[in-house]
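In what follows, a structure is listed as structure tokens, so that the remarks can point back to it.
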Amino acid sequence: MGLRIFFWQVFGSIVLGCLIAVVSCSNNDEPLAPVANPNNPSGSQEYTLAVAYPELSFNRPVDFQHAGDGSGRVFVVEQEGIISVFDDESAVQNKSTFLDISGAVDDRSNEEGLLGLAFDPNYSSNGHFFVNYTISNPARTRISRFTASAANPNQADPDSELIILEFDQPFGNHNGGQLAFGSDGYLYIAVGDGGSGGDPRGHGQNLTTLLGSILRIDVSQSSSQAPYAIPDDNPFVSATSGERPEIYAYGLRNPWRFSFDSETGQLWTGDVGQNAREEVNIIENGGNYGWNITEGNACFEPANNCNTTDIILPVLDYDHLRGDVSITGGGVYRGTQIPDLVGQYIFADFASGRVWAATTDDLSNVTVSELIDSNLAISSFGVNDEKELFLCAFDGRIYQLESVVSPN
């Protein structure tokens, strides 16, 4: 997945407890200190991560979703291959196994496993949902559709799998993993560059492979004969030189977590960096996001004077000098419980556990405020029916972002 923690476990060099350094989308490499929340300059607003469901725990939770069916349920994906479902209530006592495909999932490497879940826009009527997971022999990513049981809405039919798409994974890391439907009804899929380090096979800039990209496919009429179709406005739908028509955007290293802003429709993606910088991008149709020519706003190959013509630079990036080394992309907050964060992009770092908010009103001058220094291994973000923000952490808990007003 987008979690490069295995590297730091080997070398033991994570440094925690320091402030993030952030740059805007210019090429200025001088780090900026975090600023106070621009909607609350007095600094009286504080934030906390509250355990959302105290009676429940999970094994390496990597995704949090709701079905969009108004049922008041939420779903948690565990990396080993299990999806749990339960009522979105803090006092909930029990969870049910919605789907268990652990027998098919290969999660032997740190970044492999069941990595993403997306519910069909018409889930209420068709019961379809999609998952992203890795398999072995040979090592591949598989995108599949399953169907919920007609007799029990809290259980999927494990025999209903329809394989939509598979592609090879040359190494055990950088698998991407996120799935989501856009407002256009198409399924978007995050795909890493295939792994190892530095993109040794050049996948990021190679349009003849699906690796290192965001894919966009039409699964509205999926069948075993035609698992998916290509949207007419995909950028390479009419290409004649072997470019894959599924590609929506490319030049990404490991876009572990992305999300759509429910108000603007913008696609925000946290792309995990190599050795120097983490980045956040807004994905556009046909966009090239630079990897492995660039890493964040800096040159990577070559290390200096790289050609950034036609490359879309990130809206923000940050360096590794303070122990922040593995970005977990989040989402633009559109809930109601924390008014001062509405419209800001919330994201975290898996290694340091810090959580930040970035302004989105002027993308040429993004400012970032640190909300929480949690020391949690935050793997993913998600929202419930009310668009409130939840975080998955590798201590086995699901947390909700909340505000705490300090006395003046």
(message) Please verify whether Gly296 is surrounded by 21 or more Cβ atoms within 10 Å (Cβ to Cβ) and at positive phi, treating the condition exactly as stated.
(response) yes
(request) Count, please, the residues in the range 202-228 that happen to be farther than 30 Å from Glu301 by Cα and either in contact with a His (Cβ under 7 Å, 6 or more places away or on another chain) or surrounded by 15 or more Cβ atoms within 10 Å (Cβ to Cβ) (or both). (result) 7
(request) Find all pairs meeting these conditions: Cβ atoms under 6 angstrom apart; at least six residues apart or on different chains; first residue within the range 162-176 and within 22 Å of Thr147 (Cα to Cα) and acidic (Asp, Glu); second residue at pLDDT 95 or above and surrounded by 18 or more Cβ atoms within 10 Å (Cβ to Cβ). (result) Glu166/Arg142
(request) Identify, from the list Ser352, Ser364, Ser380, the residue that is out of contact with any helix residue (DSSP H, G or I) (no Cβ under 6 Å at 6 or more places or on another chain), polar (S, T, N, Q) and assigned to a strand (DSSP E or B). (result) Ser380
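Each row is one residue, and each column tells you yes or no for (1) touching a residue at least 40 places away in the same chain (Cβ under 8 Å); (2) out of contact with any Leu (no Cβ under 6 Å at 6 or more places or on another chain); (3) farther than 23 Å from Phe394 by Cα.
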| position | (1), (2), (3) |
| --- | --- |
| Glu284 | no, yes, yes |
| Asn297 | yes, no, yes |
| Val315 | yes, no, yes |
| Val325 | yes, yes, no |
| Gly335 | yes, yes, yes |
(message) Just to be sure I understand the filter: pairs with C-beta atoms under 9 Å, separated by 6 or more residues or on different chains, first member in the range 349-378 and under 17 Å from Glu278 (Cβ atoms), second member among the acidic types (Asp, Glu) and buried (at least 20 other Cβ atoms within 10 Å of the Cβ). Which pairs pass?
(response) Asp349/Glu278; Asp349/Asp324; Ala351/Asp324; Ser352/Asp324; Arg354/Asp324; Val355/Asp349; Trp356/Asp349; Ile378/Asp349
(message) Can you report the number of residues in the range 373-397 which are crowded, with 21+ Cβ neighbours inside 10 Å and of a type outside the set (S, T, N, Q)?
(response) 9
(message) Among (1) surrounded by fewer than 19 Cβ atoms within 10 Å (Cβ to Cβ); (2) under 24 Å from Asn285 (Cα atoms), there is one condition Arg142 misses while meeting the rest; what is its number?
(response) (1)
(request) Identify the residue in the range 176-224 that is among the β-branched types (Val, Ile, Thr) and not in a loop (DSSP other than H, G, I, E, B) and, among all such residues, is farthest from the chain's Cα centre (by Cα). (result) Ile217
(message) Condition first: surrounded by fewer than 22 Cβ atoms within 10 Å (Cβ to Cβ) and more than 25 Å from Asp233 (Cβ to Cβ). Now tell me which residues in the range 167-194 satisfy that.
(response) Asp168, Pro170, Phe171, Gly172
(request) Give Asn365, Asn384 a once-over and let me know the one that is of a type in the set (S, T, N, Q) and under 20 Å from the mean Cα position of the chain (by Cα). (result) Asn384
(message) Cβ-Cβ distance below 7 Å, separation of 6 or more or different chains: which pairs start in the range 392-406 with a residue that is hydroxyl-bearing (Ser, Thr, Tyr) and end on one that is outside any strand (DSSP E or B)?
(response) Tyr399/Ala52; Ser403/Ile338; Ser406/Ser44
(request) Evaluate the range 42-52: report whether one residue or more is small (Gly, Ala, Ser) and within 21 Å of Ser379 (Cα to Cα). (result) yes
(request) Give Ile164, Ile135 a once-over and let me know the one that is surrounded by fewer than 19 Cβ atoms within 10 Å (Cβ to Cβ), of a type outside the set (Phe, Trp, Tyr) and in contact with a strand residue (DSSP E or B) (Cβ under 7 Å, 6 or more places away or on another chain). (result) Ile135
(request) Considering each residue of the range 57-72, count those that are touching a strand residue (DSSP E or B) at 6+ places or on another chain (Cβ under 7 Å) and over 26 Å from Gly176 (Cα atoms), and give that number. (result) 1
(request) Exactly one condition in (1) small (Gly, Ala, Ser); (2) touching a Gly at 6+ places or on another chain (Cβ under 8 Å); (3) more than 22 Å from Val76 (Cα to Cα) is not met by Ser124; state its number. (result) (3)
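The values are calculated or read from the model by the stated rules, or taken from the named source; none is laboratory data. Keep in mind that what you see is a predicted model, and the values were worked out from it rather than measured. Here the Cβ is made from the backbone with ideal geometry for all residues, glycine too, and neighbour counts use every protein chain on show.
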